[in-house]
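Contents: one structure, followed by commentary.
Each value in this text was obtained by applying a stated rule to the coordinates, not by laboratory testing. Note that this is a predicted model, so its numbers are computed, not measured. Note that we place each Cβ from the backbone using ideal geometry, even for glycine, and neighbour counts take in every protein chain shown.
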Amino acid sequence: MAVLGETVVVDRVVTHEPHRRRGLGGFVMGALTDEALNRGATLGVLGATEDGRALYETLGWRRHVALAACIYRP
C-alpha cells in the first residue's frame, strides 16, 4: 500500500490457496483501508484478478476499467 496525497494504491495482495475463504483477505484489506483513511486517502486504486475482484466488490470496491497486464524488461 502506498498513500500518494489523497490516493492510496494497493498492489500485490495475495492469499495463498490453503488460506482462502477464511476471512483473511477481508481482514487484511480492512486493516489497509483503515490505515489509508487515517493517512487522509479518499480514493483507492488497485488491480485485481477475477477471484480477487469478487472479494474487493464485497468490501465496497467497484470496477472502473479493465486493466491490461504489461511487462517491460530492458
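Within the range 17-58, being closer than 19 Å to GLY5 by Cβ, assigned to a helix (DSSP H, G or I) and aliphatic (A, V, I, L, M) holds for LEU32, ALA36, LEU37. Flag not set for ALA68, criterion: touching a helix residue (DSSP H, G or I) at 6+ places or on another chain (Cβ under 6 Å) and either on the phi > 0 side of the Ramachandran plot or outside any helix (DSSP H, G or I) (or both). Pick out the one residue from ASP34, ASP11 that is touching a Gly at 6+ places or on another chain (Cβ under 8 Å) and of a type in the set (D, E, K, R). That would be ASP11, the only listed residue that is touching a Gly at 6+ places or on another chain (Cβ under 8 Å) and of a type in the set (D, E, K, R).
Within the range 19-53, the set of residues being loosely packed, with under 12 Cβ neighbours inside 10 Å and among the small types (Gly, Ala, Ser) comprises GLY23, ALA31, GLY40.
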